[in-house]
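The structure appears below as structure tokens.
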Amino acid sequence: MIAAIEPYTAFLGDWILNAEALDRKGADPTMLDLLRWHGAEEVEHRSVAFEVFMHVDGGYRRRVRTWAAAFSALVFLWQRGTRFFMENDPSLLDGKATFKAFHASGKQGTLPSTGAILRSVPSYLSRSYHPSQEGSTAQAVDYLAHSPAALAAEARTTGTS
């Protein structure tokens with residue numbers, strides 16, 4: 001199941017690393033750094049579970065069946081989580097999470113686009129798929145080394161400012 005979820009965490013990690021619209025919209029820099037650090041970490045280890053699955057089983061039919069279950073669960077959990085946060089965000093007037101709003105945010109670049117998500121499906125279902133096709137290891141490692149939080153943590157441990 002983790003091997004089936006891993007491509008989506010890598011997809012989202014790559015998206016957040018490159019989501020410049022969030023910077024332009026004035027997203028909280030600390031929260032954005034936290035999200036980007038986590039996204040970089042997801043991209044950096046995107047192949048681990050897939051490689052284990054391929055070594056232990058590697059069956060294409062099992063990969064597709066597990067993907068269907070994982071994709072359904074992720075859509076459900078994403079929708080529930082988004083709805084929860086939107087209903088509890090005092091800055092929103094109606095607090096409703098709709099597909100129309102999700103689609104519009106994707107067009108603005110503040111969420112992954114519907115098209116990008118849909119295009120990721122045939123990529124994963126291809127027999128030649130490998131998670132290394134998602135994102136850039138070099139970009140992820142660079143962000144992990146240079147994120148504001150990583151630099152602040154390094155300064156605290158070395159006693160420099």
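The values are calculated or read from the model by the stated rules, or taken from the named source; none is laboratory data. Quick caveat, the model's predicted, so the values are computed rather than measured. Cβ: placed from backbone, ideal geometry, glycine included. Neighbour counts: every protein chain shown. Protein only, heavy atoms only, side chains kept; ligands, DNA and RNA dropped before computing areas. Shrake-Rupley method; radii C 1.70, N 1.55, O 1.52, S 1.80 Å.
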* Would you pick out the residues in the stretch 115-154 that are of a type in the set (S, T, Y), at pLDDT below 90 and surrounded by fewer than 15 Cβ atoms within 10 Å (Cβ to Cβ)? -> S123
* To do: Take D89 and decide whether it is in a loop (DSSP other than H, G, I, E, B), of a type in the set (D, E, K, R) and loosely packed, with under 14 Cβ neighbours inside 10 Å.
  => yes
* Structure fact -> For the stretch 2-48 the number of residues that are open to solvent by 20 Å² or more (accessible area, probe 1.4 Å) and in a loop (DSSP other than H, G, I, E, B) is 7
* To do: Take the stretch 95-118 and flag every residue that is more than 17 Å from E20 (Cα to Cα) and in a helix (DSSP H, G or I).
  => F99, K100, A101, F102, H103, T114, G115, I117, L118
* Where residues in the stretch 102-112 are open to solvent by 40 Å² or more (accessible area, probe 1.4 Å) and free of Cβ contacts under 8 Å to residues at least 12 places away in the same chain, which of them is nearest to F85 (Cα to Cα)? -> L111
* Identify all residues within the stretch 126-154 that are under 21 Å from G59 (Cβ atoms) and of a type in the set (S, T, Y); write none if there are none. => S126, S128, Y129, S132
